[in-house]
Amino acid sequence: LWDLPESWAPLLSAYSHTNGHECPKCPTALHHRFANSTHQLSSSHFLGVPEAGKRAEQRSCSHAHCKAHHETHLYSVKAAGLRLPIRAHGHRHLKKKGQSIYCFISQTYITKLRWQAGPCSSELLAPTALEVVLAPRLVSLLVRARAGAGTTPPLPPAPDSSFPPLLPSGRTGDGGGALRPLYMDVQATTPLDPRVLDSMLPYLTAYYGNPHSRTHAYGWESEAAMEKARRQVADLIGADSREIIFTSGATESNNMAIKGVARFYKSRKKHIITTQTEHKCVLDSCRSLETEGFRVTYLPVKKNGLIDLKELEAAFQADTSLVSVMTVNNEIGVKQPIHDIGEICRAHKVFFHTDAAQAIGKIPMDVNNMKIDLMSISGHKIYGPKGVGALYVRRRPRVRLEPLQSGGGQERGLRSGTVPTPLAVGLGAACDVAQQEMEYDHKRISQLAERLVTKIMSEVPDVVMNGDQEHRYPGCINLSFAYVEGESLLMALKDVALSSGSACTSASLEPSYVLRAIGTDEDLAHSSIRFGIGRFTTEEEVDYTVQKCIQHVKRLREMSPLWEMVQDGIDLKSIKWTQH
């Protein structure tokens, strides 16, 4: 049925049944986290599989011999092997002298995990080794390695203690007993979704052809996968797949869009409009163009972080070629009125570019409805791989770019270089998953964000939320804790991975330029912390973060002379500070 290599035959000979899934011989063993003696297979396991329903009966020491049952649990088992927080079904078997091997067979690979022997309980054990090899079909196999069996192949060596755990939430052992911090910084990057990894693995092993090779099957396979990924990205934003250019990330996309348009139309148009709160790569691209003779207008923003549309209207000049405004700000989560900006730009016949790295896959985006001409996309912000992104370039009305790099003319001549097929496939899969999960994710993240903000503000006075309260993406929360140094609070919150601003500028000791642009006092800007809530964040993680945050803010304020002065009724702004 599966065309398995002959070397695997000995592994399947002992006590195996249909689908190569071993039947435990002890009624107390746990299978799918249920005792075999009470493992009830309801008809819901086999929805749409009539022949399976006939076998959905309660059995002692075994279960339904049905392919559908095994495939139903395949994703949970694979995710568990990747150390992801799956609360569905995890395979556990008897504690024996020997060890168990999980073999997950996908189209072109098997992942073998060696599990430490342990007591029978519902808690998953940590894998100690991982190896990827080839195999042909999508099934899941469980094989028990019997102690002393000469036919059992040797297990791969256990990795050293530096082997990185892959759990998105981060609260796992590092092999030495210590716990990694909770991850609450999803604006910096997101963990790889297991469904994305699953789509990428074949193209990291068997399908390794160059997608631009046109003379053999290896190239054709990779090209087909690349074009499928292109369609998946396009579908997420309502575009045509021919309008998607693969890049190395949003930074390259922003550079291509701004410099490319400006340089192509420089003979007639030399003016660009952007805002003071853009990502650093956009601002630096504009400053670079200023050295080439271009004029750039940096629009201020209001105290809530939104731009004034009347100021935008007034900023247009006869030779304006491009307007670049970020959709969702990466530091304060403010969502700009992109639809209105697009209408204004179209009325003035000026191209409109938006950096949508923090918005794609999180809020609905439609390039045609919003009148967007160029859009930057990043893979690792939407639970995809790092090192890949995309640039949407409108075809009608046509937007022309001057390419930044020369070479083989790939990607419609706009971005020469071999497209990395595994990364492109991962970006496409991430966009596809985001389209399916967007509504659910947004609702859940909104609830968690409200939970975090409400609990902190109800327990701690003098906390300010930066940015507009209504027009924002809920997963990005920027709070300023008055009379507390932000860096001190970050160091105190070592159990939680947070940041005080953009990961691209956090090395600087200067206060965030975004917070300064919205008029935040310098002391408050220095006391800001950004909380990021994402797809894998749990209620327990939010509650733990809130508890630790409240605890350390109160402790640090008790140590602060400024807090003591405020408690005594002294207005700090009325004090004239002298320098010694």
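Mind checking which aspartates and glutamates have their Cα closer than 15 Å to the Cα of Lys259? Skip sequence neighbours fewer than 8 apart in that chain. The reachable aspartates and glutamates, counting only those whose Cα sits under 15 Å from Lys259, are Asp284, Glu290, Glu292, Asp355, Asp373, Glu402.
For region 360-409, a simple Cβ point-charge model (Lys and Arg +1, Asp and Glu -1, everything else neutral) yields a dipole of about 100 debye relative to the Cα centre.
Of the solvent-accessible surface of region 451-494, computed with a 1.4 Å probe and all protein chains present, 52% belongs to carbon and sulfur. Could you pull out which residues in region 515-557 have an amide N less than 17 Å from a spot 7 Å beyond the Cα of Asn304, following the Cα-Cβ vector? Only 518-520 pass the distance filter. If the chain linking Ile550 and Ala315 were pulled fully straight, counting 0.36 nm for each residue of separation and taking away their Cα-Cα distance, it would gain 80.2 nm.
Of the trypsin sites (Lys or Arg not before Pro) found in region 312-371, the ones in coil according to DSSP and having at most 15 other Cβ atoms within 10 Å of their Cβ are Lys349. Based on Cα atoms of region 270-389, Rg over Rh with Rh as the Kirkwood radius reads 0.95. When you count the other C-beta atoms within 10 angstrom of each residue and take the mean per peptide, 431-438, 384-391 line up highest first as 384-391, 431-438. A DSSP coil position with no more than 13 other Cβ atoms inside 10 Å describes the following GluC sites (Glu not before Pro) in region 232-337: Glu292. The value obtained for region 198-341, namely the Cα convex hull volume divided by the number of residues, is 156 Å³ per residue. Using a probe of 1.4 Å, the accessible surface attributed to Thr538 totals some 20 Å² when neighbouring protein chains are kept in position.
Spacing of the modelled spin labels on Glu485 and Asp521, each 7 Å from Cα toward Cβ, amounts to 1.8 nm. List the pairs from Lys310/Lys371; Lys269/Lys335; Lys269/Lys349; Lys455/Lys548 whose alpha-carbon separation is above 23 Å, in the order I gave them. Pairs exceeding the cut-off: Lys269/Lys335.
If the segment from Met559 to Arg180 were pulled out straight at 0.36 nm per residue, it would be longer than the present Cα-Cα gap by 133.7 nm. Ordered by 1.4 Å accessible area with all protein chains kept, Tyr218, Tyr183, Tyr440 run largest first as Tyr440, Tyr218, Tyr183.
The values are calculated or read from the model by the stated rules, or taken from the named source; none is laboratory data. This is a predicted model, so every value here is computed, not measured. All Cβ positions, even for glycine, are placed from backbone atoms using ideal geometry, and neighbour counts span all protein chains on display. We work out accessible area using only protein heavy atoms, side chains counted, and drop any ligands, DNA or RNA first. Shrake-Rupley method; radii C 1.70, N 1.55, O 1.52, S 1.80 Å.
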